[in-house]
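Beneath this line is the structure, given in structure tokens, with notes to follow.
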Amino acid sequence: MAAHCKHESCGTAEKVWLPYEFEGRSRGLKPHSYCILCGVVKNVSPDRAKPMGYYTNILARLGITKVQIRLSAKELERMDFDDIYFMTRSEQEEVFISVVQKYSKVPENRIRASL
Ligand SMILES: [Zn+2]
């Protein structure tokens, strides 16, 4: 994966038509932007990634210690967790849950309920 690429989208004319899937079902073709620096194709589904701030707010509300928050946030940042090009929101949620559970004992259903 393209670590820490700043991503620059191609122009509208260069967009590529690719199969498009949402909620596990194929929805035909749709124009996708791609990054002219690393070639990653941008996620164009409505399942869009959320910014890091959205998840750090959740971390702050889970009732875990400051150290647990910092460790979780650092690990998420290392993974380019908020890269809207190749992360979807549902992927983010799975990663978020596994990282939070690595550093704390918050049960999965409580994390899910806060997302
Ligand atoms: Zn890129």
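FYI, it's all coordinate maths here, none of it is from the lab. All values derive from a computational prediction rather than experimental measurement. Here the Cβ positions follow ideal geometry from the backbone for every residue, glycine too, while neighbour counts run over all protein chains shown.
Brief remarks follow.
- Computed over the range 57-107, the percent of Cα pairs more than 18 Å apart is 25.
- From largest to smallest, the equivalent ellipsoid semi-axes obtained for the range 9-115 from the alpha-carbon gyration tensor read 31, 15, 9 Å.
- Panel values: the range 1-46, Kirkwood radius from alpha carbon pairs, Stokes-Einstein at 4 °C and 1.567 mPa s, translational diffusion coefficient 114 µm²/s.
- Amide N proximity, the range 69-93 versus CYS38 label position 7 Å along Cα-to-Cβ, cut-off under 12 Å: 78-87
- Neighbour cut-off at most 14 other Cβ (10 Å), DSSP loop, trypsin sites (Lys or Arg not before Pro), the range 55-115: LYS105
- Amide H partners (placed H, <5 Å) of LYS42, local residues excluded: SER33, TYR34, CYS35
- Residue pairs, from the table LYS50/LYS102; LYS42/LYS74; LYS42/LYS105; LYS15/LYS102; LYS30/LYS74, whose Cα atoms sit over 31 Å apart: LYS42/LYS105; LYS15/LYS102; LYS30/LYS74
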